[in-house]
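A short write-up of the structure that comes next.
The values are calculated or read from the model by the stated rules, or taken from the named source; none is laboratory data. Since we're looking at a predicted model, the values are computed, not measured. Here the Cβ positions follow ideal geometry from the backbone for every residue, glycine too, while neighbour counts run over all protein chains shown.
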Amino acid sequence: MLKNNLKSVILVIIFTSNNILYTLTNTEGKVLFWTSAGLRRTKGTKKITLTTIASSIKIILAYLNNFKIKNIHLKFKGLDKNKKIVLKYMKQSTLNILSITNNSMLPHNGCKRTKLRRI
């Protein structure tokens, strides 16, 4: 696949309890590039700090600038407070953010209670 004719890409960011995964895909869903906070050889809770988030986003922005991609769609998955930090770094870049979606899984009403046993 030619990467030179890409106009817009999708950046999917998955926040897990102890890691952050970044995946760049084209509009069809084929993976172009991926990275994670654990790829920098950081361990434990250090993977969710500001410095690792900033370094991962700098690597992604360098990849996008290398292929001259200007438009991006953002998709967030998972529950985390660091979504605002990622958005702040992406807005400071020269990219055009076309859409921001949040696909966090939330229970609507929870599990059904067990039926009480009658004697």
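Is there any pair linking a residue in segment 102-119 that is within 30 Å of Lys81 (Cα to Cα) to one that is at pLDDT below 85, with Cβ under 6 Å and at least six apart or on different chains, and which? Listed pairs, sorted by first residue: Ser104/Leu79. Selection over segment 80-108 of residues that are closer than 18 Å to Leu50 by Cα and either basic (Lys, Arg) or surrounded by 13 or more Cβ atoms within 10 Å (Cβ to Cβ) (or both) gives a count of 13. Would it be correct to say that Phe67 is surrounded by 17 or more Cβ atoms within 10 Å (Cβ to Cβ) and touching a strand residue (DSSP E or B) at 6+ places or on another chain (Cβ under 9 Å)? In short, no.
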